[in-house]
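The values are calculated or read from the model by the stated rules, or taken from the named source; none is laboratory data. Because the structure is predicted, anything quoted here is derived from the model rather than measured. Because the Cβ atoms are built from the backbone with ideal geometry, glycine has one as well, and the counts that use them run over all protein chains shown.
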There are 2 protein chains.
Amino acid sequence: MNYDEPFGCSVTVTLKVIGGRWKPIILFNLLENEKCRFNALKRMINGITQRMLTMQLKELVDDGVISREVLEVVPPHVEYSLTEYGKTLTPLLLQMRDWGAYHAQRSEAAAAD
Amino acid sequence: MNYDEPFGCSVTVTLKVIGGRWKPIILFNLLENEKCRFNALKRMINGITQRMLTMQLKELVDDGVISREVLEVVPPHVEYSLTEYGKTLTPLLLQMRDWGAYHAQRSEAAAAD
DNA sequence: CATTGCAGTATAAAAAATGATACTACATTA
DNA sequence: TAATGTAGTATCATTTTTTATACTGCAATG
């Protein structure tokens, strides 16, 4: 998501933060699991590569919606979780999930003709 | 948006329909203006090319969220509008706009240090 | 002693999204 | 008669996103 909003469209701002193929899924897992370590997320999110997970997590951290805590053990553990700010996305994420479920159901029904 | 949802994530389904750089803006204009003709949309949406507008409109029509009506005059007029189904996106679009506005304000405040 | 798990990085390539430009046919306007 | 507006299409180029693959160092496990 590298686009600057054409005329200050707030929707586009939102997409810049949580748009893209993986971010919503990452945020969802953090919504459901509170804290997740890197490899735990990788296992949960089917098909994501390490590189993509790393990149998306970094962007989410930079945007302040998730936090990254390093536990100083050997080997190091890293825990990701939603920040308080990130939690303001909860209703939006739930609504996106609900509309998606609604749409998927409708598409399925249409395909059953 | 060409990705199939990794594990049936509903949020990803939603992104498939309304994700991308232009779709939310197109939908917003149709939310605010009821009916829009092709060139009217092009003028409203700063920076979009004819090609992108054509493509995004076609996808939105295919997904059933907007309708395309051709008025048989010369030269032909084409009117786009949200379908009843598309209107079910209204609360989601408004929430995306609201969170984006909230986030933009926060970013601005942070930049003012 | 070899493998596995930890949390990544580096490099290169492929795929997808987006953009730029020119073009269509017809009718009205200047 | 030339320019403008209608709603696009066609072709090519560029940018962005995503993937694939190999690699790091350290510790515990088998």
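Do you know which residues across segment A:88-113 are within 23 Å of the chain's Cα centre (by Cα) and free of Cβ contacts under 8 Å to residues at least 40 places away in the same chain?
A:T88, A:P91, A:L94, A:Q95, A:D98, A:W99, A:G100, A:A101, A:Y102, A:H103, A:A104, A:Q105
Could you tell me whether segment B:80-102 includes any residue that is more than 30 Å from A:F28 (Cβ to Cβ) and within 12 Å of DNA strand D (Cβ to nearest atom)?
Taking every residue of segment B:80-102 in turn, at least one turns out to be more than 30 Å from A:F28 (Cβ to Cβ) and within 12 Å of DNA strand D (Cβ to nearest atom).
Working carefully through the options A:A40, A:A101, find the one that is in contact with a Ser or Thr (Cβ under 6 Å, 6 or more places away or on another chain), small (G, A, S) and surrounded by 13 or more Cβ atoms within 10 Å (Cβ to Cβ).
Testing whether each residue is in contact with a Ser or Thr (Cβ under 6 Å, 6 or more places away or on another chain), small (G, A, S) and surrounded by 13 or more Cβ atoms within 10 Å (Cβ to Cβ) leaves just A:A101.
What's the total number of residues in segment B:37-68 that are near DNA strand D (Cβ under 9 Å from one of its atoms) and either on the phi > 0 side of the Ramachandran plot or of a type outside the set (F, W, Y) (or both)? Lay out the reasoning, then the answer.
Kept after step one, since they are near DNA strand D (Cβ under 9 Å from one of its atoms), are these residues of segment B:37-68: B:37-43, B:49-51, B:53-55, B:57-58, B:68.
When the remaining residues are screened for being either on the phi > 0 side of the Ramachandran plot or of a type outside the set (F, W, Y) (or both), the result is B:37, B:39-43, B:49-51, B:53-55, B:57-58, B:68.
So the answer is 15.
Within the bounds of segment A:11-21, is there any residue that is farther than 17 Å from B:W99 by Cβ and away from DNA strand D (no atom under 11 Å from the Cβ)?
No; the residues of segment A:11-21 include none that is farther than 17 Å from B:W99 by Cβ and away from DNA strand D (no atom under 11 Å from the Cβ).
Can you report the number of residues in segment A:73-99 which are assigned to a helix (DSSP H, G or I) and closer than 20 Å to B:A104 by Cα?
8
Here are some residues: A:M52, A:M1. Which one is out of contact with any strand residue (DSSP E or B) (no Cβ under 8 Å at 6 or more places or on another chain), surrounded by fewer than 17 Cβ atoms within 10 Å (Cβ to Cβ), modelled with pLDDT under 90 and of a type outside the set (S, T, Y)?
On inspection, the qualifying residue turns out to be A:M1.
Inside segment B:18-31, can you point out the residues that are at pLDDT 90 or above and more than 7 Å from chain A (Cβ to nearest Cβ)?
Correct list: B:I18, B:W22, B:K23, B:I26, B:L27, B:N29, B:L30, B:L31.
Please work out which residue is farthest from A:L94 (Cα to Cα), limiting yourself to segment B:67-113 and to residues that are facing chain A (nearest Cβ under 10 Å) and among the aliphatic types (A, V, I, L, M).
B:A110
Answer with yes or no whether B:G64 is within 11 Å of DNA strand C (Cβ to nearest atom), farther than 21 Å from A:R21 by Cβ and within 12 Å of another protein chain (Cβ to nearest Cβ).
Working: within 11 Å of DNA strand C (Cβ to nearest atom): no; farther than 21 Å from A:R21 by Cβ: yes; within 12 Å of another protein chain (Cβ to nearest Cβ): yes.
No.
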